[in-house]
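FYI, it's all coordinate maths here, none of it is from the lab. The structure presented is a predicted model; accordingly, all values stated were derived computationally and were not measured. Glycine gets a Cβ as well: all are built from the backbone with ideal geometry, and neighbour counts include every protein chain shown.
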Amino acid sequence: MLDIKFIRENKDLFKEAARKKHISFNIDKLLEIDDERRRLIQETETLRAEQNIETDKIAKTKNEEGRERLIGATKVLKERLSESEENLKKVVKDWKKMMLEVPNIPDPSVPEGESDKDNKEVRKWGELPDFGSPTGGFEPKDHMELMKNLDLVDFERGTKVSGFRGYFLKNEAALLCFAIWQFSFEEMVKAGFVPFIAPSMAREESFRGTGWLPQGKDEIYKTQDDLYLAGTAEVPMMGYYADEVLSEEELPKKYVAFSPCFRREAGSYGKDVKGLYRVHEFMKVEQVVLCRADHVESVKWHEEITNNSEKIMRALKIPYRVVANCGGDLGLGQVKKYDIEAWTPSKKGYGETHSASYFHDFQTRRLNIRYKTKDGKIYFAHSLNNTVIATPRILISLLENNQQADGSVLVPEVLQKYLGKEKILPIGR
RNA sequence: GGAGGAUUGGCCGAGUGGUUUAAGGCGCCGCUCUCGAAAAGCGGUUGGGGGAAACCCCUCACAGGUUCAAAUCCUGUAUCCUCCGCCA
């Protein structure tokens with residue numbers, strides 16, 4: 001939800017935003033509805049003011065006959081008011097629906113393009129593993145084979161128990177997850193982020209506020225008690241300060257939140273059907289920042305939260321690249337987004353593991369998160385978020401990149417203290 | 001799951017249909033007094049919306065309803081408290 005006054009005065013910016021994001025949105029229709037809305041507001045408020053005056057007269061009239069006459073006259077006024085209110089209500093309903101569909105304006109630095117294929121590489125890190133050296137060359141295994149050989153996963157029983165895309169993580173894979181969460185949590189706390197464990201079940205408001213609803217309706221599970229299951233801790237963490245006014249000195253708010261995440265993956269039934277890449281249930285450590293309503297500030301934090309995650313990737317020695325997502329790959333509310341993609345030897349390519357975006361006040365307007373300056377002015381804060389690390393997806397590149405000719409996998413140095421070992425050995429070794 | 005009670009401004013708290021324009025207090029801000037401070041006195045102090053402006057409208061948890069008129073009456077929802085039941 002954006003500022004209607006700003007939209008009114010800058011409609012060409014929104015036309016351009018819709019074009020760049022490959023979203024169809026009829027701004028002229030919205031402005032038409034808005035004109036009607038404002039006309040009806042004026043009409044309704046004029047009638048209401050009249051009614052207030054008449055009502056006051058009735059209260060002050062002691063004479064019974066005079067009272068009756070005034071009440072009769074005010075009844076007529078009331079009917080006109082009710083009619084006007086009805087009309088306004090109808091128009092506001094349409095207006096609100098359209099307001100939720102207005103795309104936020106992408107940053108000029110966002111590349112043109114239709115889909116993730118058009119994303120532009122920004123930088124690359126790490127040396128790709130060379131399994132084919134002339135002396136000890138071997139064919140690298142994909143994570144499924146690797147994990148089966150190491151007794152780290154059970155997909156068969158996973159689907160038996162949990163259905164399509166179900167999985168059990170076992171042995172060192174389970175331990176590795178704890179190690180990864182713990183390590184990344186510690187790193188983020190060192191960077192000044194406040195640690196949280198966030199609820200995964202949340203009311204509709206937080207989903208609408210973050211932009212996951214109504215657009216992502218098919219992606220989200222709903223419980224029989226009308227709570228939804230969050231696909232990311234961004235949702236509960238953004239809901240945390242909804243309808244509150246913070247003071248400027250409290251900003252920026254920096255959180256690192258752990259939560260189970262649930263995604264229906266509707267519409268991607270044919271995609272990544274095997275393995276741990278795309279699953280319905282996973283765990284994620286997420287970073288969320290609320291900062292002052294200032295573009296430069298937003299950009300600064302965007303770079304910083306991206307860098308925070310890159311640092312962890314480098315500590316885990318996973319080769320990665322950062323891409324700037326193109327217009328067509330941006331969500332409705334996103335101003336700009338970087339994805340971090342991890343090198344996946346079995347695919348001989350990079351796969352998305354992180355997503356860092358900023359929204360300006362798109363989310364905070366919907367959630368009504370504001371802050372007050374020293375001189376009493378109130379603004380909507382800016383919001384940003386990025387993955388710190390998500391399991392089990394990160395295991396794919398972590399295991400594949402560290403596999404050895406003998407089928408074992410080296411544990412990254414920073415995780416060794418949590419696992420108590422340097423190497424994961426195949427069954428029977 | 002069942003029974004009962006509650007929700008009023010930054011905080012406490014009065015208020016059971018019409019001078020409520022939400023009393024009073026605390027806190028906070030400003031001014032007066034003072035060399036300065038304290039005390040005292042005076043004034044200000046929710047947040048939205050419409051309008052070029054004057055000004056007007058809304059806001060007593062939220063959403064509906066009754067009424068000429070709702071903080072006040074009715075219905076639903078949310079949250080909190082007390083008790084019973086169940087439970088990691």
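Calculated FRET efficiency, residue A:71 to residue A:42, Cβ-Cβ distance, R0 = 22 Å: about 0.25 to the nearest 0.05.
Counting every C-alpha pair in chain A, the share spaced more than 28 angstrom apart comes to 57%.
Would you compute the Debye intensity of region A:1-68 from its alpha-carbon atoms alone, equal scatterers and no solvent, and pass along log10 I(q)/I(0) at q = 0.18, 0.20 Å⁻¹ to two decimals? Here the Debye-derived log intensity ratios amount to -0.76, -0.85. With R₀ fixed at 35 Å, the C-beta to C-beta distance from residue A:151 to residue A:125 puts the FRET efficiency at about 0.65. Using a simple spin-label model with pseudo-atoms 7 Å out from Cα toward Cβ, residue A:32 and residue A:246 lie 4.1 nm apart. Distant-in-sequence amide contacts of residue A:246, defined by a placed amide H-H separation under 5 Å and a gap of 5 or more residues or a different chain, comprise A:370, A:371, A:372. Were the residues from residue A:201 through residue A:264 laid out at 0.36 nm apart, the gain over their Cα-Cα distance would be 21.2 nm.
With loop membership from DSSP and a limit of 16 other Cβ atoms within 10 Å, the longest segment of chain A without chymotrypsin sites (Phe, Trp or Tyr not before Pro) is A:270-429.
Against chain A, whose longest principal axis comes from its Cα atoms, helix A:171-190 is set at around 60 degrees.
For region A:1-87, applying the loop criterion from DSSP together with a ceiling of 10 other beta carbons within 10 Å to the trypsin sites (Lys or Arg not before Pro) yields A:62. Where the centroid of each part is defined by its Cα atoms, how far is region A:30-105 from region A:171-233 in Å? Using only Cα atoms, the two centres lie 43 Å from each other. Rounded, prolate or oblate: pick one for region A:322-429, where a ≥ b ≥ c are the square roots of the eigenvalues of its C-alpha gyration tensor, a/c under 1.5 means rounded, and failing that, prolate if a/b is larger than b/c, else oblate. Because a/c hits 1.5 or more and a/b exceeds b/c, region A:322-429 counts as prolate. Once the Cα atoms are used to define both axes, helix A:295-315 deviates from the longest principal axis of chain A by about 20 degrees. Remark: the residue A:138-residue A:16 segment gains 38.8 nm on full extension, using 0.36 nm per residue and subtracting the alpha carbon distance. How far is helix A:27-60 tilted off the main Cα axis of chain A, in degrees rounded to 10, range 0 to 90? On a 0 to 90 degree scale, this one is about 40. Once the convex hull of all Cα atoms in region A:196-253 is built, its volume per residue stands at 88 Å³. Of A:10, A:47, A:24, which is farthest towards the positive pole of region A:4-99's charge dipole, taken about the Cα centre with +1 and -1 on the beta-carbons of Lys, Arg and Asp, Glu respectively? It is A:24, whose Cα lies furthest towards the positive end. Per-residue extension of 0.36 nm, minus the Cα-Cα distance of residue A:59 and residue A:295, leaves a gain of 79.6 nm for this segment.
Rounded to the nearest 20 debye, the dipole size of region A:88-199 about its Cα centre is 900 debye, using +1 on the Cβ of Lys and Arg and -1 on the Cβ of Asp and Glu. A Förster radius of 25 Å, combined with the Cβ-Cβ distance separating residue A:311 from residue A:410, puts the computed FRET efficiency at roughly 0.80.
With both labels modelled 7 Å from their Cα along Cα-to-Cβ, the residue A:418 to residue A:271 distance reads 2.8 nm.
Which residues in region A:350-388 place their backbone N less than 14 Å from a point set 7 Å from the Cα of residue A:321 along the Cα-to-Cβ direction? Taking a point 7 Å out along Cα→Cβ of residue A:321, the residues of region A:350-388 whose backbone N falls under 14 Å are A:350-353. Of the trypsin sites (Lys or Arg not before Pro) in region A:351-420, the ones in a loop by DSSP (not H, G, I, E or B) with at most 14 other beta carbons within 10 Å are A:374, A:377. Dividing the summed -39500 (n - 2.57) terms of all DSSP H runs of n ≥ 4 by the residue count of chain A sets its mean residue ellipticity at 222 nm at -13000 deg cm²/dmol.
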